[in-house]
1. Compute the distance from the alpha-carbon center of the range A:653-725 to that of the range A:530-564, in whole Å.
2. In whole angstrom, how far apart do the alpha carbon centroids of the range A:243-261 and the range A:51-70 sit?
3. At a Förster distance of 41 Å, what's the computed FRET efficiency of B:ALA71 paired with B:GLU180, Cβ-Cβ distance as r, to 0.05?
4. Just want to confirm a number: the relative contact order over the range A:574-644, from Cα pairs under 8 angstrom separated by 6+ residues, in percent.
5. Across peptide B:29-35, how many C-beta atoms of other chains are within 10 Å of each residue C-beta, on average?
6. Which order do the peptides B:20-32, A:32-44 come out in when sorted by mean C-beta neighbours inside 10 angstrom, highest first?
7. So for the pair A:TRP472, A:ARG296, with labels modelled 7 Å out along Cα→Cβ, what separation do we get in nm?
8. So how strong a dipole does the range A:36-104 carry about its Cα centre when Lys and Arg Cβ are +1 and Asp and Glu Cβ are -1, to the nearest 20 debye?
Amino acid sequence: MNSPRESPDPRPATRAPLLGLAWRESRSTRRKLLLYMSSISLGVAALVAIDSFAGNVTRSVREQSRALVGGDVVFSVRNGWTPTTDSLLDEFKARGAVITKQTAFASMAYAPRTNATRLAQVRAVGEAYPLYGTITTRPAGEWARLHEGRNVLLDPSLMIGLDARVGDTVSLGYQSFEIIGSLDQVPGDPGMAAAMAPRLFMSEKYMADTKLLITGSRGEYDAYAKLSSGSPDEMVKSLQTRLDTAQLRARTIRQQESNITEDITDMSNFLGLVGIIALLLGGVGVASGVNAWVMRKIDTVAILRCLGATTRQVMTIYISQAVVMGLLGAAIGAALGIGIQFLLPGVIGDVLPVDVSVRPEPRAIGMGMLLGLWIALAFALRPLIALRRVSPLQALRRSDDGSPARKWWRDPPRVIVNLLVALSVIGLAATRAEDLQETFAFSGGIAGSLAVLAASAALLSFTARRALRGGWPYVVRQGVANLYRPGNQTRSVVLSLGFGAFLVTTLYLVQSNLLATFTRAEFNARGNVVFFDIQEDQVKGIDSIVAGQQRDYAARVPIVTMRVASINGHSVQELMGDTTRRESPWALRREYRSTYRSEVSGTEKILKGKWFGEQPTPPGGVPQVSLETEVANAMRVSLGDTITWNVQGVEVRTVVTSTREVNWQRFELNFFAVFEPVALEQAPKTFAALVMAPDDSAVAMLQRDVVRHYPNVASLDLSLVRRTVAEISNRATTAIRFLAIFSLAMAVPVLFSAVSATRRDRVREGVLLKTLGATRRQITRIMFSEYALLGVLGSLAGMILSFGGAWLLLRYVFERPFEPAFLEAVTIAGLLMLLTVSIGLLAGRDVFKETPMAALRDT
Amino acid sequence: MLVAQGLTKEFDSGSHHLTVLRDVSFTIPQGTFVAIVGPSGSGKTTLLGLLAGLDTPTRGRVLLDDADLTAMTEDERAKLRGQKVGFVFQSFQLIPTLNALENVQVPLELRGDSGASHRATELLQRVGLGDRLDHLPSQLSGGEQQRVAIARAFSNRPGILFADEPTGNLDGATGTRIVELLEELNRESGTTIVLVTHDLTLARRAQRLIRLADGLVVEDTNGSGVGGRGSRETATQPAGALGE
């Protein structure tokens, strides 16, 4: 052997040998470390799936935008085309644009052969429609014949609803048409829209013959332009002043695209919160698990220190192991996310306006993996940096080396790492939040929850120590004592379990409350069929039909269309142009369909002021109006303010004397503005009526008779609406259940990490007890006592926190009422508790497999 | 050369103040085989820790080839250990996830030595384990593990080797073989060997014996032998202050 004087000069170890050493050293613990690091996999999966799918949809929108929008520019008018608007369109044509029009309105379709009626969304289109994309039909090729005569094409659901077939006649208003086929693919419309408003396409040449678009009827008048050259935005900008004067609204393809993609981004940001929450939960799991893993490495680190390893070399070895396993965990999550992404079109494809072509989105995958790896490492660093302080002396003696542990705030590296974790949480929240306030609210909520859970864990330990009684059975005493003695797992399990319970239950409560809002709509109100667009001279006739079939009106109300002209003497143009004012544009610009009556209806409650029925306006006075409370807020009007309305050309001045809360969920005839009768009795009006018919065939008979006599009168069967809503809410319930199960699944690896953290100690202890004479049953009961207490406290603490979290989210973010779903929350808490006990007992089963000798040799 | 000057080590344990080593001083020339003996609690392991730079004294200093260990940072001491110090522990302290060859390579890899594998193979052959290179510690007997540990201790050609009760977990015959191996390596390489033991029979094989009791050096033969070979005697003074 060479003499010591011939030792070669030392040189620093290159990274490669260290990484090789790191890889070899990780041999027996790789799987464990991978298990701990894969706590973040589900979070990565959620983020990759959501962001990739959003990317797919955005890309599809861009690729199909022209077909989606219908043209390079879409022009819209409120009340039909005028010579002024037509001449502006002619200017576009003069610049080389091809223009085609579409008029859309609701109407009853009546099939004489089957005597069936259905409400349809009629689309009267020009010959060049569609300018982009193709409409396919069954039989094929029938779209080309649409303008050849009085032909119509129907949505399949409308064909079924009318029980009609190709060749049948269908009446629209006062005109009959031939059904030449059904629609197969129509660019730009989500499939689900057809369920609520099935479409009927006809040629615009015959629209006037139907006599459907008369005073008071609602229609949408659009013109689509395909430009031969030039930028649509520039072309519109050059004519903007004239467009505004003519009240011709123009939306370019770029504006439409950005509206749609903005909605998609908003949706993915919201759903991405699920992924963020899953990642954070995963981070907690990583911290617990890596802590356990680090404890097992102390001996090896001490040996390495004896053999000459510096702090940097030690940290390189173990951080590189964490990086590799973190990468693998993130990769597993990404692969899972890609798989989910491919399933999503099947689940929600028919509520999207485009056909989505699904393919991996590298950016979303990369970002998901990067975030996952970052969070895993940030949380893993906390226990890892403890390895810096392992003394080589521990190779000589296993016990503590005698130097007192520094508090974390006195140890700069630990301060830095804790700051890193805090900043990572804030950074994660910022990737999805709308603004700084939301970011800090989210981060503050997380920090607050963790603090409460840590305090709960300390309280449990404290209480366990104080509550322990000598008279209790030994197995219970041992289990309870495990909660507070040195090396206990109380904090890590309560934190992991409680945090998991908090997040899972909050998610579930928010989703179920939102869904409850949707399904609480009361369709059984006082009537089940609505008629609207009843002209004034048709009222008596309809009364006879209703009476003739021995039905009763639940309500019949006049409807007057109007717009806001001015508020407190300031015109709408003035108010819209003043950027210092805070009135909402929608409240000022929209068309109101208002009514007049002397009584408050059953779906309203006066919030402020007095109902005009109590103090009618004296003759010659300013008539009163009652506003729905949200509209009043949007208009920024208070009691005593005056609003002048443009009622089809005539100005009517009113004073606001009350505001109402309206129960919009009662599906009845509700209104934003209700006038004192004297204000509108003389105005042109139509009527709407709500009638109760005992069953479906009575509804059908009523609808049929009305539409036969008065083809312009539209009607809606509320039971059909109810069924459609039920179908939508069933889908939403399925989605919620999937999310709930996914959320619970997130908790599993995290809990496993937390419980596994002290598995080795538990096993050794259990084996020692076995050696000393404890039976399998006794050891199981000891473990059960401990895990049951941990499970109960952790899940209860999380559940209580979740009520607060859900209430805050619903109140301030979704602006919805909160109803605590106790049964569901307790069920989730119970499930998590069972999970904890199961994982604990599962982890401890090695006690029964190992022989005492093997375990003692290991000490 | 290893010099201990006025080494004192004190601990605070709860409300008690304990002095484990009191003003220990000696010099160990290069190439010497020294045994440090004493009963349980005499401070042997504490002294070993200080001499090897694993710990720092409350007062006094340790000079290893004129380098003052007590004035160095932990990382500086680690680097020095990697260059000049070897260790053999009572419980072998092999890294359980590395095989015999890899365990012996560790000090060389930490120094960035590119010939680590070749050197490690050589050493294992020297200690008679040339055919067990790829065996994990769990697949080796106690004596074989200790031989791997010795090979590792010599891998960086240390100037000094510290052995803490190297035969404590071995039976008599195996232990004897281990010590004989240490002696051979000491003669071949000129490495100073500092052996801590409570076994006087083992200790008598050394050239010099330093006896500790109650944190003080009570005997230092400084080259002359002590007692005779034969029965296995252990130092059995009553346990004193905290030591091991």
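Every number in this text was worked out from the coordinates using simple rules, so none of it is lab data. This structure is a prediction, so every number in the text was calculated from the model and none was measured. Note that we place each Cβ from the backbone using ideal geometry, even for glycine, and neighbour counts take in every protein chain shown.
1. 8 Å
2. Spelled out, the Cα-based centre of one part sits 18 Å from the other.
3. Using R0 = 41 Å, I get an efficiency of 0.65.
4. Details: 27 pairs, mean separation 26.8, N = 71.
Answer for the range A:574-644 is 38 percent.
5. 1
6. A:32-44, B:20-32
7. The two pseudo-label positions are separated by 3.0 nm.
8. I would put it at about 60 debye.
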